[in-house]
Amino acid sequence: MSDTSSILSLPYLQPSQAQKHVTHNEALTQLDVLVQLVVESVDALVPPAVPVEGETHALGFGASGAWAGHDEEIASFADGAWHFVALKEGWRAWAKDRQELLSWSAGAWVQTGGQPQNLDGVGIKTTSDSTNRLAIQSPATLLSHEGAGHQLKVNKATLADTASLLFQTGFSGRAEMGLTGNDDFSVKVSPDGTAWTDAFTVDAATGYIGIGSQTPPSPLTIVKSAPDAPISIRLQNWSGNASKIAADRGLVFSADHDNNSGNTQSFISFEVDANEHMQIPANGIVAIGRSGPDVALHVKDILRLEPRSAEPVSPLQGTVYFDSSTAKLRCYDGSAWQNLF
């Protein structure tokens with residue numbers, strides 16, 4: 001029969017042994033260390049200068065001093081001396097220096113239950129399934145940085161697949177944004193989870209934005225949803241402040257008819273309070289105060305020229321102004337100014 005136990009190497013009491021209490025106390029001391037094992041440090045190499053009774057360490061490879069020759073063992077200080085126990089696969093210890101529960105596995109201390117890989121699913125306060133393999137039931141979900149930035153990545157296999165964020169009400173889709181069926185970024189909405197409307201699309205190649213257009217030809221393209229539906233853009237301000245459209249180095253208003261639709265009426269109209277005040281049709285003539293101008297400039301009401309006292313510099317033939325010093329309407333004939341009345 002062996003003198004020690006096969007797992008913890010506890011000394012057995014022998015039939016003819018004197019002072020059996022010594023052997024018994026030695027076994028109790030060893031059990032006191034190994035049961036609910038707690039170590040001050042892991043992979044320790046140098047013993048403390050003044051150890052305290054019961055102080056325990058998990059030794060690393062290359063231990064020195066009083067620990068020399070006891071690499072990768074448990075060292076415990078009791079009754080003024082260090083006692084050592086060889087580690088066995090699967091032993092667990094709470095490491096005070098790491099504040100972790102560790103297991104001895106394949107010659108190293110590893111986090112117990114840590115680094116789970118290839119799980120079939122994870123459910124936090126709910127149950128995961130074969131599709132929703134990560135399921136969370138929570139008032140909020142926090143994804144934070146680790147000293148710098150943070151990315152949330154949604155990856156798809158092929159161009160025709162979907163990588164998106166889906167927003168639901170009662171598990172019925174109401175809005176979706178991402179890459180759906182191609183690599184263009186899009187946002188679409190639904191009132192019932194069945195009928196979907198594309199809100200806008202951003203072309204992956206150009207960065208152009210299309211509202212009602214899947215292939216926008218310009219930086220911002222708006223296409224009406226039905227043949228007889230008008231396109232309307234509204235700028236709404238408050239407290240009597242006016243809305244403003246500003247442009248660097250020029251602003252062009254352009255209206256082109258669509259030959260495919262059969263519409264040949266192209267014009268630009270300026271309205272205030274739903275009343276048309278100026279219209280420029282395709283022939284380039286301008287109507288102020290009415291539509292359908294007959295001449296290059298057609299003014300429905302009174303036209304006033306701001307009076308000026310000096311002749312315009314470098315005039316061109318046909319230039320007209322009202323002379324405040326002579327109270328005359330004058331026109332330049334190409335060589336001299338002529339009074340019109």
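The values are calculated or read from the model by the stated rules, or taken from the named source; none is laboratory data. The structure displayed is predicted, hence computed values, not measured ones. Virtual Cβ from ideal backbone geometry, glycine too; neighbours counted across all protein chains shown.
Could you list all residues from region 44-54 that are more than 19 Å from residue 92 (Cβ to Cβ) and surrounded by fewer than 18 Cβ atoms within 10 Å (Cβ to Cβ)? Write out each step before concluding.
Kept after step one, since they are more than 19 Å from residue 92 (Cβ to Cβ), are these residues of region 44-54: 45-53.
Answer for region 44-54, where residues must be more than 19 Å from residue 92 (Cβ to Cβ) and surrounded by fewer than 18 Cβ atoms within 10 Å (Cβ to Cβ): 45, 46, 48, 49, 50, 52, 53.
Need at least 1 residues that are over 53 Å from the mean Cα position of the chain (by Cα) per element, so show me which strands (runs of 3 or more DSSP E) inside region 21-97 make the cut, counting only ones lying wholly within it. Walk me through how you get there before you give the answer.
Values: elements: 42-44, 56-59, 73-78, 81-86, 92-95.
The qualifying strands (runs of 3 or more DSSP E) are 73-78, 81-86.
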Exception for residue 202 within (1) modelled with pLDDT of 95 or more; (2) surrounded by 12 or more Cβ atoms within 10 Å (Cβ to Cβ); (3) of a type outside the set (S, T, N, Q); (4) in contact with a Lys or Arg (Cβ under 8 Å, 6 or more places away or on another chain) falls at (4)
Is there a residue in region 100-119 that is more than 30 Å from residue 85 (Cβ to Cβ) and either assigned by TED's automatic domain parsing to the domain that holds residue 201 or hydrophobic (A, V, I, L, M, F, W, C) (or both)?
yes
Pull up region 144-165, narrow it to residues that are of a type in the set (S, T, N, Q) and not in a loop (DSSP other than H, G, I, E, B), then point me to the one that is nearest to residue 190 (Cα to Cα).
164
For region 262-341, please list each of the strands (runs of 3 or more DSSP E) lying entirely inside it that holds at least 1 residues being among the acidic types (Asp, Glu) and closer than 26 Å to residue 235 by Cα.
267-272, 275-281
What is the one condition in (1) part of a loop (DSSP other than H, G, I, E, B); (2) within 25 Å of residue 221 (Cβ to Cβ); (3) in contact with a strand residue (DSSP E or B) (Cβ under 7 Å, 6 or more places away or on another chain) that residue 247 does not satisfy?
(3)
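Conditions tested, residue by residue: (1) free of Cβ contacts under 8 Å to residues at least 40 places away in the same chain; (2) in contact with a strand residue (DSSP E or B) (Cβ under 9 Å, 6 or more places away or on another chain); (3) assigned by TED's automatic domain parsing to the domain that holds residue 276; (4) more than 25 Å from residue 280 (Cβ to Cβ).
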residue	(1), (2), (3), (4)
310	yes, yes, no, yes
317	yes, yes, no, no
320	yes, yes, no, no
324	yes, yes, no, yes
328	yes, yes, no, yes
334	yes, no, no, yes
339	yes, yes, no, yes
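So which of 29, 23 is surrounded by 12 or more Cβ atoms within 10 Å (Cβ to Cβ) and in contact with a Pro (Cβ under 7 Å, 6 or more places away or on another chain)?
Working: 29 fails: in contact with a Pro (Cβ under 7 Å, 6 or more places away or on another chain).
Matching residue, one of 29, 23: 23.
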Would it be correct to say that residue 175 is under 17 Å from the mean Cα position of the chain (by Cα), among the aliphatic types (A, V, I, L, M) and either under 20 Å from residue 209 (Cα atoms) or at pLDDT below 95 (or both)?
yes
Cβ-Cβ under 8 Å, sequence separation 6+ or interchain: first residue in region 232-261 and surrounded by 10 or more Cβ atoms within 10 Å (Cβ to Cβ), partner in a loop (DSSP other than H, G, I, E, B) and modelled with pLDDT under 80. Which pairs?
255/266; 255/282; 257/263; 257/264; 257/265; 257/266; 257/282
